[in-house]
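Working notes for the structure below.
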Amino acid sequence: MKTRLLILLLILLPLSAIAQTPEERGLEIAREADRRDTGWGDMQATLEMILRNRRGDESRRQIRSRALEVEGDGDKTLIVFDSPADVKGTAFLSYTHATRPDDQWLYLPALRRVKRISSANKSGPFMGSEFAYEDISSQELEKYTYRYLREEVVDGRKTFVIERIPQYAHSGYTRQIVWIDQEMYQPLKVEFYDRKNSLLKTLTYHDYRQYLDRYWRPARMEMVNHQTGKSTTLLWKDYRFRTGLRPRDFDRNALKRAR
Amino acid sequence: MSRSTGRLAVLALLLALAPAVGAARSEWSGNISLEYRAFVQSPLDPRQHGDNLSGAFEPRWFYESDDGRDSLLFEGFVREDQGDAQRSHADLRELLWERVGEDWELRVGIGKVFWGVTESQHLVDIINQTDLVENFDREDKLGQPMVNLSLVRDWGTLDLFVLPGFRERTFPGIAGRFRGPLPVSTGEARYESADGDRHVDYALRWSSAIGEWDLGLSWFRGTGRDPDLLFAGDRLIPFYPQIEQLGLDAQATLDSWLWKLEVIHRRGQGAAYWAATGGFEYTLYDVGGTGLDVGLLAEYLYDERGGNAPTPFDDDVLAGVRLAFNDEQSSEILFGVIQDLNGDGEVINLEASRRLGERFKLELEARWFRDTRAGSLVDSLRADDYMQATLGWYF
């Protein structure tokens, strides 16, 4: 009896190694996407954010963004607002962490005050837009659990469809469905499901371009809120990689100097 | 005023020279605002004005060199006030050259610096003089001449300050509101130091962020920013003593909680004393998925000098609510009550702001002084309840 079980096990073992669970497959794809997007060092870009309400009225914000890749931890990012004029010079510094809460500071130029702020604000709107803080923060592998769903063709491109579930506290989402391009290993579309598990928002990525022969970045992102009818467009311009930024450009003094 | 004008002339010269340096990155910005204050009661002193219109202009300019190592910053301020001649004033808030090195930063000129973490008052913040005539909440500051070297190291940032030249606090004039029964005569200011307003002050500050803690330790020696007010018949005369002050500011950011503490120990202004402000801000983010943040604030304000303290906040509690709507217009409301625990009175504060379009911002502010005890500091403001609307245009 015992030997039979052993033989059976020996036969099944290689099989189980090949037949991945959907969770393993999902993680594998996410890990591959993460691997391919490693090594960019530092990045700078300018952004235009266009907010649209249900009636289609638009308002615009100009933002500058810079990021530093940190080995073995989440990225450091610094965002400066150039408009609206009343918040000009307001800057936001974030040290992302994979498992523990992010460190975040806000600089208020009128008071010359640097304020450490709580990173518990994940689901709240970023600058009145349809992007939540958790949507714009760096997407570390450990922040989600993954499950492979299927393959699908989106706008003529083959994608992996993966479900990911936030593992960090205070997320506004029960789950997200991500369509990952099989060639670029970058998302083409994300659906966000709210705490009641109803579809809340859809994010689509457009006009990808490759930088340094390796890193794909979209020129346009469209976030549509299905429950409010509001939407936000993010236009990315002047992507620059490996510009020589150092940790010093992401400290609290740099936040005050961001202008 | 003439001193400011002189400085503005220097600035104009610098601006004229700037293009020759090579226009790496430079930009003008700023705002023009119109403010209307409506007072609920008639003033205690018939010489004081009633409802009041006021306008201010705040231009800003910066230049940054190609490599970002050198910057030149300018911020000016001019106000024209209907009712109070003292409130019609100009100030050079900033005219600063900044150089950034590998692990140091040097700033030379006139600058503004903020230290601290609490909301109700800023005990530790001592570099800049308060522009009290702007608003008695003490949030507005005058530009301070300084040489500031920052050493940025792994163990934190060490800031060394040499502060040549002292700025006198501004006070409401005879016709101004928010003053006691007697006006302060700023022209007659007296100093403990024989150097008067030329005394050179020094300050040091170490600050660091360690995990969820943001810490600051500071030391200041020189002319105290808070004057004693000497009785002189029909007016008060400010007296600026030489002080030494140690300060600690700490914030622990734990999930949705911000725990805050500021402590100072001051010598040289009467008997040595301690003062502290401590409390928390707890925020409920994105309430019900609406994007609304509800922040609850509570702080305790203490001054060892008690009833003899020249501040009304010797044994007081602040309770407040901050609403941030996180909408397109960045709408915000802050409501707070500071209550004296010994029955001196309470101050009720309401502030709200909202952007209009892309370039305008409307701000509302209202303050009431209630249940004030005769003879207390708050009592001198009992007839100054007001509501204020400010419309600003930003460029």
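A compact table of results
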read-out: B:LEU323, sole failed condition from (1) within 14 Å of chain A (Cβ to nearest Cβ); (2) surrounded by 17 or more Cβ atoms within 10 Å (Cβ to Cβ); (3) not aromatic (Phe, Trp, Tyr); value: (2)
read-out: Set B:ASP214, B:ASP226: member being assigned to a strand (DSSP E or B) and not hydrophobic (A, V, I, L, M, F, W, C); value: B:ASP214
read-out: Answer residue from the range B:133-176, given it is within 11 Å of chain A (Cβ to nearest Cβ) and without any contact (Cβ under 8 Å) to a residue 40 or more places away in the chain and is nearest to B:GLU80 (Cα to Cα) among those; value: B:ASP140
read-out: Odd one out for A:SER65, checked against (1) within 14 Å of another protein chain (Cβ to nearest Cβ); (2) in a strand (DSSP E or B); value: (1)
read-out: Residue count, the range A:125-151 (criterion: away from chain B (no Cβ under 14 Å) and within 18 Å of A:GLU191 (Cβ to Cβ)); value: 10
read-out: Out of B:SER218, B:SER208, sole residue that is within 14 Å of chain A (Cβ to nearest Cβ) and buried (at least 16 other Cβ atoms within 10 Å of the Cβ); value: B:SER208
read-out: The range A:96-122, subset among the aliphatic types (A, V, I, L, M) and within 7 Å of chain B (Cβ to nearest Cβ), residue nearest to B:GLY392 (Cα to Cα); value: A:LEU111
read-out: Test result for B:ARG179, within 19 Å of the chain's Cα centre (by Cα), modelled with pLDDT of 95 or more and surrounded by 15 or more Cβ atoms within 10 Å (Cβ to Cβ); value: no
read-out: Hits in the range A:68-95 (condition: within 11 Å of another protein chain (Cβ to nearest Cβ) and not polar (S, T, N, Q)); value: A:PHE81, A:ASP82, A:PRO84, A:ALA85, A:ASP86, A:VAL87, A:LYS88, A:GLY89, A:LEU93, A:TYR95
read-out: Selection from the range A:151-160 of residues that are of a type in the set (Val, Ile, Thr) and crowded, with 19+ Cβ neighbours inside 10 Å; value: A:THR159
read-out: Failed item, numbered, when A:ALA258 is tested on (1) within 14 Å of chain B (Cβ to nearest Cβ); (2) within 30 Å of B:GLY288 (Cα to Cα); (3) in contact (Cβ under 8 Å) with a residue 60 or more places away in the chain; value: (2)
read-out: The listed residue being under 30 Å from A:TYR148 (Cα atoms), open to solvent by 30 Å² or more (accessible area, probe 1.4 Å) and out of contact with any Pro (no Cβ under 9 Å at 6 or more places or on another chain), out of A:GLU71, A:GLU58; value: A:GLU71
read-out: Pairs where the first residue, in the range A:23-47, is open to solvent by 40 Å² or more (accessible area, probe 1.4 Å) and the second is assigned to a helix (DSSP H, G or I) and aliphatic (A, V, I, L, M), C-beta under 9 Å, 6+ apart; value: A:LEU27/A:LEU141; A:ARG31/A:LEU141; A:ASP34/A:LEU141
read-out: Any chance A:LYS237 is within 28 Å of B:GLU328 (Cβ to Cβ), modelled with pLDDT of 95 or more, buried (at least 19 other Cβ atoms within 10 Å of the Cβ) and touching a Leu at 6+ places or on another chain (Cβ under 8 Å); value: no
read-out: Number of positions in the range A:187-216 that are in contact (Cβ under 8 Å) with a residue 40 or more places away in the chain and charged (D, E, K, R); value: 2
read-out: Residue list for the range B:349-387, restricted to those being farther than 23 Å from B:TRP28 by Cβ, part of a strand (DSSP E or B) and open to solvent by less than 20 Å² (accessible area, probe 1.4 Å); value: B:ALA366, B:ARG367, B:PHE369, B:TYR386
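The values are calculated or read from the model by the stated rules, or taken from the named source; none is laboratory data. Computed from a prediction, not measured in an experiment: that's the story for all the values here. Every residue, glycine as well, gets a Cβ built from its backbone with ideal geometry; the counts of neighbours run over all protein chains shown. Heavy atoms of the whole protein, side chains included, go into the accessibility calculation; ligands, DNA and RNA do not. Shrake-Rupley method; radii C 1.70, N 1.55, O 1.52, S 1.80 Å.
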